[in-house]
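One structure is given here, and the rest of the page talks about it.
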Amino acid sequence: MMQINMRALADSIQEWIKETVSRASMAGVVVGLSGGLDSAVSAALCAEALGKENVLGLILPCGSMQSDTDDGVRIAVHLGIKYRIIDLSPVLISFTSELDNRSVLNMANIKSRLRMTMLYAYSSGRLVLGTSNYSEILVGYWTKWGDGAADLLPIGRLYKDEVCEIAAVLGLPQWVIDRVPSAGLWPGQSDEEEIGVSYQDIKAYFQGGNISLISAAKIEKMVSSTEHKRNPIVYFNARKWMEDNG
């Protein structure tokens, strides 16, 4: 198997970040820091590319566990970037007070969309940094108009294991590399548990590796049911209809 120089890859991503921010005539980026690996790597890449003074981290507890907030602060301090803690829990309570559907999935999507709203509220002069990885994008493990709504996605074509390798190259703390990927929905919750397959299986499925039939079927179903997330908004082409029927 071809060996990839991860330092060279990180350097290329950082050059792309510089170009993307410059083309948008922006000064920097704003990123939501969850305390997890993906947001840490995304923020670290931008801090190196743009200068830490041009990266603003927002830590946005929203009915979250205190440990997630603490880990977000630890990452911001490690990177030396500016950060703010904004508790969205009161907004969540108010927003959902009349809501009939309080399922785990619906509540998770609402939290993600509230956080993205706040990120864009702080985006004046900045691009909103997306933190989704390729593994999650491919199977639709993200919220439409939530964490899926961003201006640039530096790790959006990196599988989860590759994000871990980039983290090591960037000198991120071992605790964040080893941290169990989790959306923090409840104590002990993990992303792989929620997805139903491992990140290793997802990569194997799309790269033609060995994978069980059960896992392959689960992934195929997820890809099919979330295709709308990866496609542009559909619309009726009224202009063409008028040309054809005028």
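Close Cβ contacts (under 8 Å, 6 or more residues apart or on different chains) running from residues in the stretch 210-225 that are modelled with pLDDT of 95 or more to residues that are of a type in the set (S, T, N, Q) and part of a loop (DSSP other than H, G, I, E, B) comprise Ser215/Ser198. Of all the listed residues (Val41, Val31), the sole one being of a type outside the set (Asp, Glu), assigned to a strand (DSSP E or B) and under 19 Å from Trp142 (Cα atoms) is Val31.
Scanning the stretch 17-32 for any residue that is acidic (Asp, Glu) and under 20 Å from the mean Cα position of the chain (by Cα) turns up nothing.
Residue pairs whose Cβ atoms lie under 9 Å apart, sitting 6 or more positions apart in sequence or on different chains, and linking a residue in the stretch 99-126 that is over 13 Å from Ala150 (Cβ atoms) to a partner that is loosely packed, with under 11 Cβ neighbours inside 10 Å and not hydrophobic (A, V, I, L, M, F, W, C), are Met107/Asn101.
Taken over the stretch 63-78, residues that are without any contact (Cβ under 8 Å) to a residue 60 or more places away in the chain and either part of a strand (DSSP E or B) or surrounded by 24 or more Cβ atoms within 10 Å (Cβ to Cβ) (or both) amount to 2. Report, by residue number, each residue of the stretch 12-28 that is more than 30 Å from Glu192 (Cβ to Cβ), of a type outside the set (Gly, Ala, Ser) and part of a helix (DSSP H, G or I). Within the stretch 12-28, Glu15, Lys18, Glu19, Thr20, Val21, Arg23 qualify.
Restricted to the stretch 87-198, the set of helices (runs of 4 or more DSSP H) holding at least 3 residues that are surrounded by fewer than 19 Cβ atoms within 10 Å (Cβ to Cβ) and out of contact with any Asp or Glu (no Cβ under 8 Å at 6 or more places or on another chain) comprises 89-96, 104-121, 160-169, 174-178, 191-195.
The single residue among Val41, Val91 that is within 29 Å of Cys164 (Cβ to Cβ), hydrophobic (A, V, I, L, M, F, W, C) and out of contact with any Gly (no Cβ under 8 Å at 6 or more places or on another chain) turns out to be Val41.
Comparison of Ile219, Ile202 shows that the only residue that is part of a helix (DSSP H, G or I) and either of a type in the set (D, E, K, R) or touching a Leu at 6+ places or on another chain (Cβ under 8 Å) (or both) is Ile202. All of Asn210, Asn237, Asn245 fail the test of being in contact with a helix residue (DSSP H, G or I) (Cβ under 7 Å, 6 or more places away or on another chain) and loosely packed, with under 11 Cβ neighbours inside 10 Å, apart from Asn210. Against the numbered list (1) surrounded by 24 or more Cβ atoms within 10 Å (Cβ to Cβ); (2) in contact (Cβ under 8 Å) with a residue 60 or more places away in the chain, Leu33 comes up short only at (2).
The values are calculated or read from the model by the stated rules, or taken from the named source; none is laboratory data. Every value quoted in this text rests on a predicted model; they were computed, and no experiment measured them. Using ideal geometry, Cβ is built from the backbone for each residue, glycine included, and neighbour counts are taken over all protein chains shown.
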